[in-house]
């Protein structure tokens, strides 16, 4: 299967920089998702890789071969579009069979490949239908079959599910990954939907403002994000600003720049939180930002260790859990997710104690540009 490498890729449109200094390697057989907010450069990246656009600077390599300047039809890849883009005058079979005909395959090979691809997406029984006779999900399945019929080992999916209904998107995302893994393809999937990325990817490439912020597995990006923007964009997150209060080990008169196994962060209004195994290079007095996921908080009417007082501002039933928005005594507002089975009676306006799980708190240096700017999506 093909390996992909992008070296120092930049793309400018006049004064607008859509991609800046992109370096990325994708392994053979990987399912990689390029994720980010609208306008971050993710579609620009795959259009450069596919040959639709040429980079202003840098080069693309497929299996070690430089493909910069080579047209799309010579790059041997399958492309699944956001708008599905089937030929309206052709049947399902004719749409899927288009690439084998263009490539002048012999009839037996073309028929075998088309049949297999339509069977894989469970659309063979619709082979005589025209696109206007199909649902949105069925049309996209035919689009996938057409890409598979090209015989390419590299599959590019550019927002392939964004035009579909929520339930269809849910079903089809698993179907696509199953097909990719079954066929042994290398896949690059572009989306702005974090849930879609988390559920399908081997690795996620998170972008912002034309640059790569972080590349890692879905599990690591959610549980151990290296970047505050990542922590905010992947899943729900709460942020509390403070400073290191104590528990910095010393060697003579010089402090070691690390937090000990159990350290204290002082929040606004001099309230304190205990952090266990926080890692990082910090000294007493350093400004920091604490990040905690809503499911790693709990609420109670009684005061407990590792807790802060607060008042419930809002509550939303989410099915399997109840989501509370709580204004803390520190003036920070946090989201708390309580499993429905464990939910006690808490109402808007109640005074509560929000308990923090010390081992689940992540600590980041206070950004010089300010927390709000770092978390901004655009």
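The values are calculated or read from the model by the stated rules, or taken from the named source; none is laboratory data. These figures come from a predicted structure and were not determined experimentally. Neighbour counts run over all protein chains shown; Cβ positions are idealised from the backbone, glycine included.
Values as computed for the structure displayed
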quantity	calculated
Residue among 326, 374, 338, 334 that is in contact (Cβ under 8 Å) with a residue 12 or more places away in the chain, touching a helix residue (DSSP H, G or I) at 6+ places or on another chain (Cβ under 7 Å) and surrounded by 13 or more Cβ atoms within 10 Å (Cβ to Cβ)	374
Residue under evaluation residue 89, criteria (1) farther than 28 Å from residue 43 by Cα; (2) under 31 Å from the mean Cα position of the chain (by Cα); (3) touching a residue at least 40 places away in the same chain (Cβ under 8 Å), criterion not met	(2)
Of all residues in the stretch 138-159 being under 20 Å from residue 47 (Cβ atoms) and part of a helix (DSSP H, G or I), the one that is farthest from the chain's Cα centre (by Cα)	146
Cβ pairs under 6 Å, 6+ apart, first in the stretch 301-321 and under 12 Å from residue 354 (Cβ atoms), second at pLDDT below 90 and in a strand (DSSP E or B)	306/274
Residue 205 vs. criteria surrounded by 21 or more Cβ atoms within 10 Å (Cβ to Cβ), in contact (Cβ under 8 Å) with a residue 12 or more places away in the chain and under 30 Å from residue 94 (Cα atoms)	no
Residue that is surrounded by the fewest Cβ atoms within 10 Å (Cβ to Cβ) [pool: residues in the stretch 229-281 that are modelled with pLDDT under 80, on the phi < 0 side of the Ramachandran plot and assigned to a loop (DSSP other than H, G, I, E, B)]	253
Residue ID - surrounded by the most Cβ atoms within 10 Å (Cβ to Cβ), chosen from residues in the stretch 160-176 that are assigned to a loop (DSSP other than H, G, I, E, B) and in contact (Cβ under 8 Å) with a residue 40 or more places away in the chain	160
Any helices (runs of 4 or more DSSP H) falling wholly within the stretch 1-116 and containing at least 1 residues that are under 28 Å from residue 218 (Cβ atoms) and in the same structural domain as residue 200 (by TED's automatic domain parsing)	42-50
From 42, 11, 15, residue being over 20 Å from residue 82 (Cβ atoms) and either over 19 Å from the mean Cα position of the chain (by Cα) or touching a residue at least 12 places away in the same chain (Cβ under 8 Å) (or both)	15
Within the stretch 300-322, tally of residues that are surrounded by fewer than 16 Cβ atoms within 10 Å (Cβ to Cβ) and modelled with pLDDT of 95 or more	3
Selection count where residues are modelled with pLDDT under 95, in contact with a strand residue (DSSP E or B) (Cβ under 9 Å, 6 or more places away or on another chain) and surrounded by fewer than 17 Cβ atoms within 10 Å (Cβ to Cβ), scope the stretch 13-26	1
Filtered residue count, the stretch 48-86, keeping only those that are within 26 Å of the chain's Cα centre (by Cα) and free of Cβ contacts under 8 Å to residues at least 24 places away in the same chain	2
